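Here's the structure, in structure tokens; my notes come after.
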Amino acid sequence: MTRHNAPPSLFEEFTGLSMWRAVLVAVPVLALVAASIWVALQFLNPMPPRKVVLAAGPEGSALHALGLRYAELVGAEGIKVEVLATRGTTDNLERLAEPKGPAAIGFILAGTATKEQAERLVNVSNLAYVPLLCLARSTAGDVTLASLKGQRIAVGAPGTGLNTWMLPLLRLNGVTSENTRLLELASEESVRALEAGEVDAIFLGEGAQSPSVARAVELPGVRLMSFPRAHAYARRFTNIIPLQLPAGTLDFARNIPDRDISLIGTSVVLAARDGVHPTVVDLFVDAAQTLHSGKGIFEKRGEFPNLHVVDNLPISEQAELYAREGPSLLRRYLPLWAADAAQRVIILAVPLLAVILPLIRYLPSLLDLVGQRHLLLGYAGLRRIDRAARARSADAPVDDLLHDLERIEESVAGIKESVFKAGDLYTFRVHLRLVRENVLSHARNVAQAAAARTSPAE
């Protein structure tokens, strides 16, 4: 039963709701808003990191220098890039595949990732061709890997992509450490060993215009060897491609090389740990486009960067999306952090508006319904009593109807109606009085009829 004597609070005066009823309304509304925020957060990436670590290569190497250029371009967009000096691309693979390792992105050679490593990484972009160059003291113009059996061969330093790439190819041709002396030397060490006559052939996995190659081809009696079976390797390995180096490409004056040379090569790949922030991927794709879209000795203009499948490394879905659609409208006109913050606001606002706008429209009606529940129930009772009174015979008693009216009046007397809806309460009381008058009129008629029946007897 409603307490009649409790004075309404200011909140109740203006809303018509007690605090308890207000809580009953607010809790589901807040739960709905919280649920919409939770749904939005499922589609919201965390803020981009302030710093990423790029696994590059040995200090002073071409890869390390390339990493510094990436750091400059990406850093200009607001994310600092720490260039990590490593032993080479195989070392980069190991660092990237570490679940909690510091490096999030780095350079590798296509075809060097193991199946386990490939499951943790993605290919952000193929950057350029890397030729496999063989230099030897020989009068022959061609070389097969099988013909090197029993000789002294420099196959790259441990941890480098060249070393990882070369050893399986040599084994495939029957050349192993059991029948051939394989020296694991860095590029400069290999050139010095060839100059000193300590090796018969060296392999270099660098650009054709690198300092090591330029120094090696100038050694007396040293020639750049051709691979007559280049196309056969390309048929067997998805990461190997045949390359052509026309005569005189390296030095027109001295005609180096002195004939057209067939080479085999692979691609240098920008790989990232799976799950790296999408904004990091976008910025490195932009940098790759800036640095690698031009023409090279082996690359056609616009051939790189690309997202062709070159080995068992999956292509980054974010890189594909960015290559297809480009930067968002916000990124085109706002700095990185402002664009990302605006995007987060939009992602959160859309579901909130989808919830709040209907609430703004229907919540007042719901509050009216809750606040006027007693009035509605009262009107239902009045209608029932009024119909019952009209349906009764002239001599039927109406005491039960008067009792019901008193109960309805008591239930409505303690309603805490909003001052904005107070007119509805007073209107109800007028209607209640009208129904009571009708019932009382019926009661008087019953009394008069009873009096008339008893008068003759007296």
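The values are calculated or read from the model by the stated rules, or taken from the named source; none is laboratory data. Computed from a predicted model, the values in this text were never measured in an experiment. When we count neighbours, we look across all protein chains shown, and the Cβ atoms used for this are built from the backbone with ideal geometry, even at glycine. Note: accessible area is taken over every heavy atom of the protein model, side chains too, but ligands, DNA and RNA are not part of it. Shrake-Rupley method; radii C 1.70, N 1.55, O 1.52, S 1.80 Å.
Leaving out same-chain residues fewer than 8 places away, which aspartates and glutamates sit with a Cα under 12 Å from that of LYS115?
ASP311
Compute the signed sum of charges (Lys and Arg +1, Asp and Glu -1) over the other residues within less than 13 Å, Cβ to Cβ, of SER441.
Working: positive: ARG390, ARG392, ARG433, ARG436, ARG444; negative: ASP386, GLU437.
In short, +3.
Taking LYS149 as the anchor, which aspartates and glutamates have their alpha carbon closer than 19 Å to its alpha carbon, excluding any fewer than eight residues away along the same chain?
LYS149 reaches GLU178, GLU184, GLU198, ASP200.
Give me the accessible area of LEU73, 1.4 Å probe, in Å² rounded to the nearest 10.
Counting only protein heavy atoms, the figure is 60 Å².
What does the net charge come to around ILE240 if you take all other residues with beta carbon closer than 13 Å to its beta carbon, with K and R at +1 and D and E at -1?
Charge balance near ILE240 sits at +2.
Accessible area per residue of the range 98-230 at 1.4 Å probe, in Å²?
Working: 5410 Å² over 133 residues.
Solvent-accessible surface per residue comes out at 41 Å².
Evaluate the Debye formula for the range 194-261 with equal point scatterers sitting on the alpha carbons, no solvent, and hand back log10 of I(q)/I(0) at q = 0.20 Å⁻¹, in q order, two decimals.
-0.94
ALA71: net charge of surrounding residues, Cβ under 9 Å, Lys/Arg +1, Asp/Glu -1, itself excluded?
Working: positive: ARG69, LYS80; negative: GLU72, GLU82.
Once all neighbours under 9 Å are counted, the net charge is 0.
Using a 1.4 angstrom probe on heavy atoms only, work out the carbon and sulfur share of the accessible area of the range 101-241 in %. Please list the in-between numbers first.
Numbers: 2920 of 5870 Å².
The computed percentage sits at 50.
At a probe size of 1.4 Å, how large is the accessible area of ASP260, to the nearest 10 Å²?
We get 110 Å² for ASP260.
Using only protein heavy atoms and a 1.4 Å probe, report how much of THR164 is accessible, in Å² to the nearest 10.
Answer for THR164: close to 50 Å² accessible.
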